[in-house]
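First up is the structure itself, then whatever we jot down about it.
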Amino acid sequence: MNPYTDPARVRGALHSIGVRPSKSMGQNFLVDPTPLKLALEHADVNANDVVVEVGPGLGVLTWELLNAAGQVISVELDTRLAGRLRTEFADRPLTIVESDVLELAPSAMLAAAGLPADTPYKLVANIPYAITSPLLRHFLEGDSPPSLMMVLMQWEVADRITAKPGDLSILAHSVQLYATAEIVARVPAASFLPSPAVDSALVLMRRRSTNAVPTHPKALFKVIRAGFSQARKKLINSLAGGLAGQGYNKEQVLAAINAAGIDPNLRAEVLTLDQWATLTDTLGMATK
């Protein structure tokens, strides 16, 4: 039984180091062991693994990871929580990095544990809601991406990430370009202390051996962002408006859409990554 899921212990630990859960830092502490077991099971964490954890908090997930993985690297922004973790797990194979995870390259996290940048690792984390989107991009597009990510995140965001054509978003494309994504389980708000306003989800993302489409990501996302720049408008209107600053007029955009074999009256959310890639090529964005 994980001792760090006891609500009384959580409250006592927070009180002892003078921490009041911060909404701005997304500090909701998990007090239900079930999601932890599911996370480790579906991520297949074993003694050969190096695991990076973001926002370890009081160590509820850290404890589970240390019992299953060979080495754990935990990135914690709150100095008080980082200090407590050092005391709690002083004799374990744990490296604690005090930093804003978004300001630290994945390779630097590995280096802090004395590991080379090409070391295979898994990201397993209960991440703050406020940084979910940038954090996923930070690791997926980073210099040393993980082989898989098992992340506990807000249900609404999980639903967007795993969406199918017809309800896609920039975030869905930014994940699905690099990885497959599936919701493993829904986690009720009551599983946390304090309870957030919404449910969460465990999402498993497995890194693709090659990107879903071969188009250069920077060029691809210039086009995708332009296409989503005016929500609910027809593709021809939103894309023309979004690319106006890139030197394209509406006639050029329409010609490119037609050349890509796409209906200009569609809306951005129904286009697949393959269609965005073809459109990027017909616009010549890769050479811009």
Mind listing whichever residues of the stretch 240-268 are free of Cβ contacts under 8 Å to residues at least 40 places away in the same chain and aliphatic (A, V, I, L, M)? A240, A244, V253, L254, A255, A256, I257, A259, A260, I262, L266
State whether the residues of the stretch 109-121 include one that is touching a His at 6+ places or on another chain (Cβ under 9 Å), of a type outside the set (F, W, Y) and at pLDDT 95 or above. no
For the stretch 99-132, give me the residue count where each residue is surrounded by fewer than 16 Cβ atoms within 10 Å (Cβ to Cβ) and closer than 30 Å to V198 by Cβ. 5
Just for the stretch 157-169: of the residues that are at pLDDT 95 or above and open to solvent by 60 Å² or more (accessible area, probe 1.4 Å), which one is nearest to A226 (Cα to Cα)? R160
Residues being more than 18 Å from the chain's Cα centre (by Cα) and in contact (Cβ under 8 Å) with a residue 60 or more places away in the chain: count how many of those fall in the stretch 200-233. 8
Here are some conditions: (1) farther than 25 Å from L136 by Cα; (2) buried (at least 21 other Cβ atoms within 10 Å of the Cβ); (3) at pLDDT 95 or above. V45 meets all but one. Which one does it not meet? (1)
When the stretch 122-137 is checked residue by residue, the ones that are under 18 Å from L204 (Cβ atoms) and in a helix (DSSP H, G or I) are T132, S133, L135, L136, R137
Identify, from the list A69, A108, A43, A112, the residue that is within 20 Å of M153 (Cβ to Cβ) and among the small types (G, A, S). A43
Do we find a residue being without any contact (Cβ under 8 Å) to a residue 60 or more places away in the chain and in contact with a strand residue (DSSP E or B) (Cβ under 9 Å, 6 or more places away or on another chain) anywhere in the stretch 116-131? no
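The values are calculated or read from the model by the stated rules, or taken from the named source; none is laboratory data. Predicted, not measured: the structure shown is a model, and the values here were computed from it. Using ideal geometry, Cβ is built from the backbone for each residue, glycine included, and neighbour counts are taken over all protein chains shown. Heavy atoms of the whole protein, side chains included, go into the accessibility calculation; ligands, DNA and RNA do not. Shrake-Rupley method; radii C 1.70, N 1.55, O 1.52, S 1.80 Å.
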